[in-house]
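K.L.:
Structure in structure tokens, see below.
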Amino acid sequence: MDRSNALKTLAAVIGLLALVAVPIIADAAGSTAWISMATRILIYGMAAASLNFALGYGGLVSFGHAAFFGLGGYVVGILYQTYADETLLFGFIPGTNQLLVTLPATILVTGIAAAAIGALSLRTGGVQFIMITLAFAQMLFFFFSGLSAYGGEDGLIIRRTNELFGLNMRDRATLYWVTLAITALFFVIYRRLTMSSFGTIVSGLRQNERRMAALGIEAYRYRLIAFILSGIGTGIAGAMLANVMRFTSPDLLAWHTSGQLMIMVILGGVGTVTGPFLGAAVLLILEDVLNAWTENWPLILGLVLLVVVLQARGGLMAIVNLVRGNRS
Amino acid sequence: MLLIFEQILNGVQYGVMLFLLAAGLTLIFGIMQVINLAHGSLYMVGAYAGTWFAQETGSFWLGLPAGLLAAALTGVLIEVIVVRRLYDRDHLEQVLATFALILIFNQLVIMIFGRQPFFVAMPEGLQESIQLLPGLQYPPYRLLIIAAGLGVAVGLYFLITKTRIGMLVRAGATDREMVRALGVNVRLLYTVIFGFGALLAGLAGYLAGPIFAVQVGMGEQILLTTFVVVVIGGVGSIRGAFVAGLILGVLDTCLRAFLPGILRLVMAGPDADALGAGIAAMGIYLLMAIVLLIRPQGLFPAAH
């Protein structure tokens with residue numbers, strides 16, 4: 001038991017070192033594009049993992065998580081524009097370009113949004129839940145599309161990445177390490193959460209709501225908190241994406257983005273801790289490789305996705321576990 | 001006043017088109033419990049195949065059967081190859097598999113027809129506006145769509161309530177196992193229903209050609225609205241799809257037509273237009289949220 005734990009810790013340390021070393025390796029190999037790709041993988045991984053908490057653990061099939069992803073991006077974008085224009089948002093909120101302010105602001109805004117959307121949506125279930133979450137995301141999509149003060153359909157350019165402790169955030173490697181630090185913190189919390197008694201209750205509600213009710217657990221309250229946490233996590237990822245791309249647009253809120261996040265979750269493995277990160281990496285790299293290879297890449301991506309959904313139950317993590325299980 | 005009347009007619013026309021799509025979707029939803037995101041692709045297939053055939057032959061009316069046939073065949077094909085495997089899966093897998101189908105169909109259409117949208121002329125004899133009321137000129141083609149939609153609604157009503165197939169459809173929705181136990185080939189029944197839903201989607205797609213552009217992605221635009229119709233009307237209810245389709249069609253059209261003008265009274269022109277368009281597009285989703293919160297099963301829940 002001790003030995004397997006030690007092995008796990010060792011593997012985690014090696015994995016973390018490898019992740020830290022990505023910019024150095026990329027620089028040595030002369031492909032700096034890898035750094036941007038790795039940064040995006042971390043960010044989408046956070047978003048997919050957050051969705052997975054609601055979807056995989058809680059069984060809440062949200063088709064509207066793009067709403068929180070996009071909201072996170074717009075918090076950063078709008079605060080930056082307010083800062084650059086030296087005006088006050090709603091007449092009393094000053095703008096900012098400090099990451100230490102924009103991230104808590106994102107948590108606040110997406111938390112409130114998730115509480116409102118979740119409180120209403122969780123009154124339904126099944127197909128209706130899928131559709132009502134989609135509806136709320138679409139409302140936000142059209143709202144931001146019509147908000148011409150902040151770019152409307154064209155999106156909002158953020159001239160400079162948010163600042164943090166005087167670091168040179170224009171440097172891609174620095175930005176990657178900052179993202180990695182945030183992702184690592186996120187991962188620790190997310191992993192603790194899935195293993196906590198709260199996470200177990202949320203899982204239990206998915207498996208058998210009546211038994212949980214018999215244990216005196218109020219489903220609605222637990223699900224709502226799970227949904228809020230999931231929305232906040234996705235929002236943080238959206239805020240980081242806006243910082244990395246220095247751009248945010250209604251596209252982030254479009255239903256395709258919700259679909260993309262769901263694909264990452266199912267590709268990696270629904271209800272697994274590391275699966276969504278794996279799924280994000282595979283999907284983004286696959287898109288990139290196929291895109292370079294043929295302009296008809298969506299066709300191939302569609303076929304791959306179809307085969308994965310129809311044939312490979314449990315996603316990539318099922319394969320990983322199979323290999324691991326065989327070895328031990 | 002005439003302007004309002006005209007917009008309401010436009011709304012009804014849009015509404016019956018939504019109904020044509022929603023009828024198939026709600027049948028598939030209600031009976032097979034499958035969320036079919038690819039329904040919009042069938043609409044696109046009908047539009048492209050029909051329009052292509054009409055351009056080759058030079059006749060709008062010859063394009064119609066071609067579009068219907070292509071959509072129905074495509075529907076049967078994807079039911080047999082993909083959708084059949086999804087009946088026992090959960091909603092998440094259905095959403096993703098049919099999402100994959102959208103990617104595939106969109107790219108196939110780009111490969112065959114290119115990215116340029118097609119613009120289709122109104123059929124011969126229906127190009128001149130006719131006078132409905134003194135001072136109100138209205139294109140007869142739109143009236144034709146309304147007539148077609150109402151015709152399909154009446155036909156479906158008789159099909160479902162008066163015929164043997166309709167009886168099987170209703171029975172299949174209530175208790176699949178019992179129908180199977182009575183010796184009905186449920187698998188074939190499902191394929192037929194799916195193909196029929198695809199046919200209606202193809203009809204809507206082809207008729208939409210002269211009004212909207214025939215282009216890649218046309219299916220997704222209308223698909224989400226169609227889902228809103230299905231959910232508001234009550235999953236599995238044809239009657240609900242009809243009522244909700246008309247309500248949404250009129251609501252959406254009127255909001256888009258009048259909201260920017262109303263907003264312009266209180267704010268600057270371009271801002272009012274952009275915001276008005278945004279809020280108008282939100283309208284149907286807002287209505288769906290409200291309806292679901294008051295009646296979680298929709299306006300006309302299918303009897304189970």
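K.L.:
Could you list, in sequence order, all residues of the range B:77-101 that are closer than 23 Å to residue B:53 by Cα and either within 13 Å of chain A (Cβ to nearest Cβ) or crowded, with 18+ Cβ neighbours inside 10 Å (or both)?
P.N.:
Step one: filter the range B:77-101 for residues closer than 23 Å to residue B:53 by Cα, giving B:77-78.
Once the filter is applied, which keeps residues that are closer than 23 Å to residue B:53 by Cα and either within 13 Å of chain A (Cβ to nearest Cβ) or crowded, with 18+ Cβ neighbours inside 10 Å (or both), the range B:77-101 yields only B:78.
K.L.:
Still on this model: Kindly indicate whether residue A:302 is within 14 Å of chain B (Cβ to nearest Cβ) and surrounded by 24 or more Cβ atoms within 10 Å (Cβ to Cβ). Working first, answer last.
P.N.:
Numbers: within 14 Å of chain B (Cβ to nearest Cβ): yes; surrounded by 24 or more Cβ atoms within 10 Å (Cβ to Cβ): no.
No; evaluated as a whole, the condition is false for this residue.
K.L.:
Then there's this: Please specify each residue of the range B:162-190 satisfying the condition of being in contact with a Lys or Arg (Cβ under 8 Å, 6 or more places away or on another chain) and either among the polar types (S, T, N, Q) or closer than 24 Å to residue B:203 by Cα (or both). First the steps, then the outcome.
P.N.:
Here is the first cut: in the range B:162-190, the residues in contact with a Lys or Arg (Cβ under 8 Å, 6 or more places away or on another chain) are B:186-187, B:190.
Once the filter is applied, which keeps residues that are in contact with a Lys or Arg (Cβ under 8 Å, 6 or more places away or on another chain) and either among the polar types (S, T, N, Q) or closer than 24 Å to residue B:203 by Cα (or both), the range B:162-190 yields only B:190.
K.L.:
Since residue A:260 meets every condition but one in (1) surrounded by fewer than 24 Cβ atoms within 10 Å (Cβ to Cβ); (2) assigned by TED's automatic domain parsing to the domain that holds residue A:138; (3) not aromatic (Phe, Trp, Tyr), which condition does it not meet?
P.N.:
Going through (1) surrounded by fewer than 24 Cβ atoms within 10 Å (Cβ to Cβ); (2) assigned by TED's automatic domain parsing to the domain that holds residue A:138; (3) not aromatic (Phe, Trp, Tyr) one by one, residue A:260 breaks only (2).
K.L.:
May I ask you to say which residue of B:291, B:231, B:214 is of a type in the set (A, V, I, L, M), open to solvent by less than 30 Å² (accessible area, probe 1.4 Å) and closer than 26 Å to residue B:120 by Cβ?
P.N.:
Values: B:291 fails: closer than 26 Å to residue B:120 by Cβ; B:231 fails: closer than 26 Å to residue B:120 by Cβ.
Exactly one of B:291, B:231, B:214 is of a type in the set (A, V, I, L, M), open to solvent by less than 30 Å² (accessible area, probe 1.4 Å) and closer than 26 Å to residue B:120 by Cβ, namely B:214.
K.L.:
For residue B:199, are the conditions met, namely being in a helix (DSSP H, G or I), open to solvent by 10 Å² or more (accessible area, probe 1.4 Å), modelled with pLDDT of 80 or more and not acidic (Asp, Glu)?
P.N.:
Details: in a helix (DSSP H, G or I): yes; open to solvent by 10 Å² or more (accessible area, probe 1.4 Å): yes; modelled with pLDDT of 80 or more: yes; not acidic (Asp, Glu): yes.
For residue B:199, the condition - in a helix (DSSP H, G or I), open to solvent by 10 Å² or more (accessible area, probe 1.4 Å), modelled with pLDDT of 80 or more and not acidic (Asp, Glu) - is met.
K.L.:
Please give the number of the condition residue B:219 fails out of (1) surrounded by fewer than 24 Cβ atoms within 10 Å (Cβ to Cβ); (2) under 28 Å from residue B:145 (Cα atoms); (3) modelled with pLDDT under 85.
P.N.:
Status for residue B:219: all satisfied but (1).
K.L.:
OK, next. Has the range B:179-189 got any residue that is polar (S, T, N, Q) and either within 14 Å of chain A (Cβ to nearest Cβ) or open to solvent by less than 30 Å² (accessible area, probe 1.4 Å) (or both)?
P.N.:
Just the residues of the range B:179-189 that are polar (S, T, N, Q), to begin with: B:185.
Filter once more, so that each one left must be either within 14 Å of chain A (Cβ to nearest Cβ) or open to solvent by less than 30 Å² (accessible area, probe 1.4 Å) (or both): none.
No, because not a single residue in the range B:179-189 is polar (S, T, N, Q) and either within 14 Å of chain A (Cβ to nearest Cβ) or open to solvent by less than 30 Å² (accessible area, probe 1.4 Å) (or both).
K.L.:
Still on this structure, I have one more. Tell me which of these residue A:195 doesn't satisfy, since it passes every other one: (1) open to solvent by 60 Å² or more (accessible area, probe 1.4 Å); (2) within 30 Å of residue A:27 (Cα to Cα).
P.N.:
(2)
K.L.:
Within the range A:216-227, which residues are modelled with pLDDT of 90 or more and crowded, with 22+ Cβ neighbours inside 10 Å? Talk me through it step by step, then tell me what you get.
P.N.:
Narrowing the range A:216-227 to residues modelled with pLDDT of 90 or more: A:224-227.
A:226, A:227, listed by residue number.
Conditions (1) part of a helix (DSSP H, G or I); (2) within 14 Å of another protein chain (Cβ to nearest Cβ); (3) open to solvent by less than 50 Å² (accessible area, probe 1.4 Å), marked per residue:
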residue: A:96; (1), (2), (3): no, no, yes
residue: A:103; (1), (2), (3): yes, no, yes
residue: A:106; (1), (2), (3): yes, no, yes
residue: A:109; (1), (2), (3): yes, no, no
residue: A:112; (1), (2), (3): yes, no, no
residue: A:117; (1), (2), (3): yes, yes, yes
residue: A:120; (1), (2), (3): yes, yes, no
residue: A:124; (1), (2), (3): no, yes, yes
residue: A:128; (1), (2), (3): yes, yes, yes
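The values are calculated or read from the model by the stated rules, or taken from the named source; none is laboratory data. Remember, it's a predicted structure, so these values are computed and weren't measured experimentally. Every residue, glycine among them, receives a Cβ derived from its backbone with ideal geometry; neighbour counts consider all protein chains shown. Keep in mind that these areas ignore ligands, DNA and RNA; they rest on the heavy atoms of the full protein, side chains included. Shrake-Rupley method; radii C 1.70, N 1.55, O 1.52, S 1.80 Å.
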